[in-house]
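Visitor: Sharing a structure below in structure tokens format, with a few things to ask.
The values are calculated or read from the model by the stated rules, or taken from the named source; none is laboratory data. Model, not experiment: these values are computed from the prediction. In this analysis, Cβ positions are derived from the backbone assuming ideal geometry, glycine residues included, and neighbour counts consider all displayed protein chains. In case anyone asks, the SASA skips ligands and DNA or RNA and just uses the protein heavy atoms, side chains included. Shrake-Rupley method; radii C 1.70, N 1.55, O 1.52, S 1.80 Å.
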Amino acid sequence: MNHPPKLQVNNLTVNFGNLMAVNNVSLEVYPGEIAGLIGPNGAGKTTTFNAITGLIIPSSGKVFFNGHDITGMLPHKICRLGMSRTFQVIKAFAHMTVEETVRVGAYNRCNEKNVYKKVDQIIKLCDLADLRDKLCSDLGLAILRRVELARALATEPEMLLLDETGAGLNQTELLSFMDLLRKINMEYSITLLVVEHVMQMVMGVCSRIVVLDSGEVIATGNPESISTNPKVIEAYLGKRVPQCY
Amino acid sequence: MLDMTVQSIITGLMMGVIYALITLGISIVFGVLNVVNFAHGDFVMFSMYLSYMIGTALVWDAVQTPLITIPVLFIFGFIVYYLIIDRTLRQMYVVQLAVTVGLQIFMRSMALIIWKAQPRALQYSIIQGNIQIGPYTILTSRLVAAIISLIFIAGIAWFLNKSWAGSAMRAASDDLDMASLVGVNYRRTYALTFAIGSALTAVAGGLLMSFQQTDPVGGIRFGFLSWCVLALAGLGSIPGLIISGMIVGVAETVTITFFDPRSRLLVIYGIFILVLWFKPRGLFGRK
Ligand SMILES: Nc1ncnc2c1ncn2[C@@H]1O[C@H](COP(=O)(O)OP(=O)(O)OP(=O)(O)O)[C@@H](O)[C@H]1O
Ligand SMILES: [Mg+2]
């Protein structure tokens, strides 16, 4: 790649007491790509995301975004710089409507005057128009996944970290979600780093994959090389077979 | 007898709206910061004294004094937030309890030092007189106070639903981490919430001074009232808050009318306990 990386993680380590949840992880994500981060349960994927987005302060290592050192920066500042994320577990604003939820994100770049224009645009993009006045607590999982993506998109990020956005979706929902991801990547040139257990999704949308196991990077490469890599197969067989549809 | 009952209910309903306004302050702070401000009633007491001082010095009517006390209490709220609340957020619950109870004692002692123990009251309000409907009397000062309270409650409801800062407050209340990740500055949001909660006591204080006196221990009553109304209302429903305020207001005036005025705190405490027993999330609380 001739571009400098959008996201660069250098020797990231996170300890929880004696547990090395993330151990000396280095990875790069380049502008415009969809990169995947996979690994068996407990490999440290979510913890890596938490350390990148400022939710937890890493024990050591550095995180650079667009060349800026963002290690240990507060999440809202990182968001202001252009990086947002979604969660593996649904973190909806339960007492807010879909529109209000998206609006919270939209205020990251908009003021009261132009915020509704942004909200309308995102709601249309994520196909949520019929549900805009519904309370999040009344919505089902598949729709909440889209609401969470919409809320993150509303912040106008340059890069998004998506944590298991495919989990719990059925085949049709998954396919439409994959289309949406490709669309935001192509049309809005948002760089994506996705954590995923659903192999169909990883193989289908990612151009490059980083594999974590027990907190360490065990492989990096394109989908084909990853799916035939003996270390990766062993890591998965030793724990849990990747979910294939 | 019936007349007296109806009369006390009318008065209680109007008082109830002011109680709802007072409770709105403690409610948004609890909802957003998850901190119970035990000094909230003393903020009301303090606001009443400020209104008294301003009303006396400028020869203003009590209902005008919030023009000055609102900004003062807003800034006071900011300072209190950054000086003590901010530092206790990630601490144990007892630490938060200790600092706000400490603040309560501090404010009460300051009031005693500055204004001595004697109660203070302002001249009769310009909005005197009363409206007579059949055998019932509605004191204009109370009616005006209730209407102004409603206007402020509606204003806050609008602010929470429609404004940038209000959205941030509600988002932070639902999920702080997620709110931060989509750009909400939690400290600023918390400070603003606390300052607004504090500023609301300035409105209530001015309104109360148009027909009541204030004394340094008056904060206990307002604190108590607001916990009781909050327990009844639960979090998140503004109409529920107003109805709960009215229930407490009516219970109070009925007690004053038919029993001993001194037992009114007991009745309020009784309601509080009953709610905790039977409806721990309040009558109108969200899930
Ligand atoms: N806050 C925490 N305190 C202590 N241990 C934690 C904490 N968060 C995660 N861990 C541990 O760190 C390890 C990595 O967890 P993490 O959630 O990052 O894994 P993951 O790769 O996201 O797994 P999954 O596929 O199940 O989501 C696990 O062993 C987990 O139990
Ligand atoms: Mg995870």
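Visitor: For A:103, B:108, B:187, B:87, give the ranking by accessible area with the largest first, probe 1.4 Å.
Guide: My answer, sorted largest first, is B:87, B:187, B:108, A:103.
Visitor: Now a separate question. Restricting to the protein assembly as shown, what percent of DSSP beta bridges are antiparallel, rounded to 5?
Guide: Bridges in the protein assembly as shown are about 60 percent antiparallel.
Visitor: OK, next. Using the Cβ atoms and a cut-off under 13 Å, what net charge is assigned to the surroundings of residue A:146, where Lys and Arg are +1 and Asp and Glu are -1?
Guide: +1
Visitor: Right, something else. Report the relative contact order of chain A, percent, no decimals, based on alpha-carbon pairs under 8 angstrom and at least 6 residues apart.
Guide: The normalised contact order for chain A reaches 26 percent.
Visitor: Another question, then. Pairs of lysines 8 or more apart, or on different chains, with alpha carbons under 24 Å: count those in chain A, would you?
Guide: 27
Visitor: Counting only other chains, and only Cβ atoms inside 10 Å, what mean value do you get across the residues of B:181-192?
Guide: If you average over the peptide's residues, the count of other-chain Cβ atoms is 6.
Visitor: Also, quick follow-up: With each pseudo-label sitting 7 Å past Cα toward Cβ, what's the residue B:7-residue B:262 distance in nm, one decimal?
Guide: For residue B:7 paired with residue B:262, the spin-label model returns 2.4 nm.
Visitor: Go through the range A:79-85 residue by residue and turn each phi into a ³J(HN,Hα) via Karplus (6.51, -1.76, 1.60, θ = phi - 60°); whole Hz please, and just put x for glycine and proline.
Guide: 3J(HN,Hα) across the range A:79-85, in whole Hz: 4, 4, 6, x, 10, 9, 7.
Visitor: Out of B:17, B:180, B:235, whose Cα points farthest toward the positive end of the dipole of chain B (charges: +1 Lys, Arg; -1 Asp, Glu; placed on Cβ)?
Guide: B:180
Visitor: Given a cut-off of under 8 Å on Cα pairs at least six residues apart, what relative contact order in percent is computed for the range A:56-122?
Guide: Taking the mean separation of contacting Cα pairs over the length of the range A:56-122, I get 19 percent.
Visitor: Give the angle, between 0 and 90 degrees and rounded to the nearest 10, that separates the Cα long axis of helix B:218-233 from the longest principal axis of the Cα atoms of chain B.
Guide: 70
Visitor: Taking amide H positions as placed in the peptide plane 1.01 Å from N, state which residues far from residue B:234 in sequence (5 or more) or on other chains have amide H under 5 Å from it.
Guide: It is B:283, B:284, by chain and number.
Visitor: I want to check the label-to-label distance for residue A:117 and residue B:114. Put each point 7 Å from Cα in the C-beta direction and report it in nm to one decimal.
Guide: The answer from the label model is 4.8 nm.
Visitor: Tell me, what ³J(HN,Hα) does each residue in the range A:123-129 have, in order and in whole Hz, if you take phi through Karplus 6.51 cos²θ - 1.76 cosθ + 1.60 with θ = phi - 60° and put x for Gly and Pro?
Guide: Each residue of the range A:123-129 in turn: 5, 5, 4, 8, 6, 10, 4 Hz.
Visitor: Under 15 Å Cα-Cα from residue B:279, which aspartates and glutamates qualify once same-chain neighbours fewer than 8 residues away are excluded?
Guide: Qualifying aspartates and glutamates at Cα under 15 Å: none.
Visitor: Could you give the size of the charge dipole of the range A:1-153 about its Cα centre, using +1 on the Cβ of each K and R and -1 on the Cβ of each D and E, expressed in debye and rounded to the nearest 20?
Guide: The calculation lands at about 220 debye.
Visitor: Express in Å², to the nearest 10, the accessible area of residue B:243 obtained by rolling a 1.4 Å probe over the protein heavy atoms while all chains stay in place.
Guide: Roll a 1.4 Å probe over it and residue B:243 shows about 80 Å².
Visitor: Amide H of residue A:85: which non-local residues (sequence gap of 5 or more, or other chain) have their own amide H closer than 5 Å, using H built in the peptide plane?
Guide: A:161
Visitor: Which whole-Hz ³J(HN,Hα) couplings does the range B:25-37 yield from phi under the Karplus relation 6.51 cos²θ - 1.76 cosθ + 1.60, θ = phi - 60°, glycine and proline marked x?
Guide: x, 5, 5, 5, 5, 5, x, 8, 8, 6, 10, 8, 8
Visitor: Between residue A:56 and residue A:26, what FRET efficiency follows from the Cβ-Cβ distance if R0 is 25 Å, with the result rounded to 0.05?
Guide: Here the calculated transfer efficiency is 0.90.
Visitor: Can you give the FRET efficiency for residue A:227 and residue A:189, using 1/(1 + (r/R0)^6), R0 = 41 Å, r = Cβ-Cβ distance, to the nearest 0.05?
Guide: Here the calculated transfer efficiency is 0.90.
Visitor: Now, a different point. Using Cα pairs closer than 8 Å and at least 6 residues apart in sequence, work out the relative contact order for chain B, in percent.
Guide: Averaging sequence separation for qualifying contacts and normalising by length gives 38 percent for chain B.
Visitor: Sort A:231, A:124 from largest to smallest accessible area, using a 1.4 Å probe on the heavy atoms of the protein chains.
Guide: Solvent-accessible surface, decreasing: A:124, A:231.
Visitor: Also, quick follow-up: Can you tell me the dipole magnitude for the range B:192-287 around its Cα centre, using point charges on the Cβ only (Lys, Arg +1; Asp, Glu -1), in Debye to the nearest 20?
Guide: With only Lys, Arg, Asp and Glu charged at Cβ, the dipole is about 380 debye.
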